[in-house]
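Working notes, beginning with the structure itself.
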Amino acid sequence: MGFRSFIVRPFAKSIARNIHRWSANAVACQEKIMHQLLHEARDTAFGQAHKFHTVHNYEEFKQAVPIRDYEDLRDYIDRIKHGESNVLWTGKPAYFAKTSGTTSGVKYIPMSVESTPLHFGTARNALFNYFVQSGNGRWLDGKMIFLSGSPVLDEIAGIPTGRLSGISNHLVPGWLRTNQLPSWKTNCVDDWEEKLEHIVDETIGTDMRLISGIPPWVQMYYERLLERTGKSTIKEIFPNFSVFVYGGVNYEPYRAKLEELVGGPVESVETYPASEGFIAFQDCFPSQGLLLNVDAGMFFEFVPADEIMNDLPTRLWLKDVEIGVNYAVILHTNAGLWGYNIGDTVQFVSKNPYRIVVSG
């Protein structure tokens, strides 16, 4: 065990114990978060309009907060973009995460002072939990690469604005930056083909141990590394590469090709990050399903997928869900999303603890 992994191990054990604690008390966590959200937002424009001060339980919550998509929240978002405070959440957002929608064009998803640290914090917790569960902490003692968008951000009404993966670069703590690749300068390159060449330049010859990114980007990175080095497998280039972290798209269509490029299977950690919040992550190795992130400032609702277009669909909170049913995910967050349909569907594969698979 190297110096860094030795130092981190006690903290990782504490994180793993905390994950076990809240996952075993998921319903209580969710009820507590619902009340916290209502309390914190009751004096905002949204909270006043929806009479949050009169809401005391989940049934009243459902009556007060309708299900919405981005278009239904656009007027509130536009007020924030014009400089207004205390609209959907207290104060102003710390960031706007830009996402591309099929019906609404570019969306501006607020990230608050409270919600922003939970994005990186959950990714860290997932990896520290993997360390404890698997015993593999070697990745902490070498280089790690996070393939992401540019950290160069625009501003709207003084609010830094960009893609979530670019914003995430601003959240990496100093203790990790010495191990992180690519460099900030390279990350700021917009053109992917040019950026990829710089990434390969910076990583050939390093002791790469952890690789993170969406599978299609990682595949391109692997292929370019092999072209430039003339090697047959990634393991020949990075013999200490031991863990792959992925999320954002279905891995299965890429698995065979990526394992062929690497030179065999490599341990992996699956995550389910979204601009709206870090939804879930893999907590057991191996396991089916991802642990629902019930203690991270989000109150979840679930609507049977075949009812999501109904005027009055069935709305369930965590204690009422069933295994194997296709549900649309509805979020209420400490960034000011209320009744927000994120557009994904999931199925529960376990209720002890609550684990999901993305179904659409």
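The values are calculated or read from the model by the stated rules, or taken from the named source; none is laboratory data. A quick note: this is a predicted structure, and the numbers were derived from the prediction, not measured. Reconstructed Cβ throughout: ideal geometry from the backbone, glycine too, with neighbour counts over all protein chains shown. Just the protein is used for accessible areas: all its heavy atoms, side chains included, with ligands, DNA and RNA removed. Shrake-Rupley method; radii C 1.70, N 1.55, O 1.52, S 1.80 Å.
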Margin query: Taking the criterion of being open to solvent by less than 60 Å² (accessible area, probe 1.4 Å), outside any helix (DSSP H, G or I) and among the small types (Gly, Ala, Ser), would at least one residue in the range 106-129 satisfy it?
Written below: yes
Note to self: Quick check on my filter: what residues within the range 137-182 are among the small types (Gly, Ala, Ser), open to solvent by less than 40 Å² (accessible area, probe 1.4 Å) and more than 25 Å from GLU267 (Cα to Cα)?
What the structure shows: SER150, GLY162, GLY166
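Can you find a residue in the range 292-304 that is at negative phi and assigned to a helix (DSSP H, G or I)? Spell out the reasoning first.
Quick first cut of the range 292-304, residues at negative phi only: 292-296, 298-304.
Now narrow it down to the ones that are assigned to a helix (DSSP H, G or I): none.
No; the residues of the range 292-304 include none that is at negative phi and assigned to a helix (DSSP H, G or I).
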Note to self: Can you tell me how many residues within the range 314-325 are in a loop (DSSP other than H, G, I, E, B) and surrounded by fewer than 18 Cβ atoms within 10 Å (Cβ to Cβ)?
What the structure shows: 4
Notebook entry, point to check: Among the residues of the range 234-249 satisfying the criterion of being open to solvent by 10 Å² or more (accessible area, probe 1.4 Å) and of a type outside the set (Gly, Ala, Ser), which is farthest from GLU260 (Cα to Cα)?
Noted result: VAL249
Item checked: Candidate set: the range 124-145, residues that are in contact with a Ser or Thr (Cβ under 8 Å, 6 or more places away or on another chain) and of a type in the set (D, E, K, R); chosen: the one nearest to GLN219 (Cα to Cα) -> LYS143
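Scan the range 283-297 for residues that are among the polar types (S, T, N, Q) and crowded, with 24+ Cβ neighbours inside 10 Å and jot them down. First the steps, then the outcome.
Initial filter on the range 283-297 (among the polar types (S, T, N, Q)): 287-288, 293.
Result: ASN293, single match.
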Item checked: Where a residue in the range 343-360 is over 15 Å from ILE279 (Cα atoms) and in contact (Cβ under 8 Å) with a residue 40 or more places away in the chain and its partner, wherever it lies, is assigned to a strand (DSSP E or B) and charged (D, E, K, R), with Cβ under 7 Å and at least six apart -> VAL349/ARG355
Margin query: Restricting to the range 326-358, name every residue that is in contact with a helix residue (DSSP H, G or I) (Cβ under 8 Å, 6 or more places away or on another chain) and in a strand (DSSP E or B).
Written below: TYR327, ALA328, HIS332, THR333, TYR340, THR345, TYR354
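Report yes if some residue within the range 91-114 is under 30 Å from SER242 (Cα atoms) and not small (Gly, Ala, Ser); otherwise report no. Let's see the steps before the verdict.
Of the residues in the range 91-114, the ones under 30 Å from SER242 (Cα atoms) are none.
So far as the range 91-114 goes, no, none of its residues is under 30 Å from SER242 (Cα atoms) and not small (Gly, Ala, Ser).
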Notebook entry, point to check: What pairs can you find where one residue is in the range 8-32 and on the phi > 0 side of the Ramachandran plot, the other is open to solvent by 20 Å² or more (accessible area, probe 1.4 Å), and their Cβ atoms are less than 9 Å apart, with a gap of 6+ or different chains?
Noted result: none
Margin query: Anything in the range 33-54 that is without any contact (Cβ under 8 Å) to a residue 60 or more places away in the chain and surrounded by 14 or more Cβ atoms within 10 Å (Cβ to Cβ)? List them, or say none.
Written below: HIS35, LEU38, ARG42, ALA45, GLY47, PHE52
Margin query: For the range 203-219, give me each residue that is surrounded by 15 or more Cβ atoms within 10 Å (Cβ to Cβ) and touching an Asp or Glu at 6+ places or on another chain (Cβ under 9 Å).
Written below: ARG209
Checklist line | Scope the range 250-270; condition in a loop (DSSP other than H, G, I, E, B), open to solvent by 90 Å² or more (accessible area, probe 1.4 Å) and touching a helix residue (DSSP H, G or I) at 6+ places or on another chain (Cβ under 7 Å); matching residues | finding: PRO265
Check: Residues of the range 55-70 being surrounded by 15 or more Cβ atoms within 10 Å (Cβ to Cβ) and not in a helix (DSSP H, G or I), which ones?
Finding: VAL55, VAL65, ILE67, ARG68, ASP69
Checklist line | Single residue of ALA305, ALA328, ALA280 found to be open to solvent by less than 40 Å² (accessible area, probe 1.4 Å) and touching a residue at least 60 places away in the same chain (Cβ under 8 Å) | finding: ALA280
Item checked: Conditions (1) touching a helix residue (DSSP H, G or I) at 6+ places or on another chain (Cβ under 9 Å); (2) open to solvent by 10 Å² or more (accessible area, probe 1.4 Å): number failed by SER134 -> (1)
Check: Here are some conditions: (1) surrounded by 22 or more Cβ atoms within 10 Å (Cβ to Cβ); (2) out of contact with any Leu (no Cβ under 6 Å at 6 or more places or on another chain); (3) part of a strand (DSSP E or B). PRO93 meets all but one. Which one does it not meet?
Finding: (3)
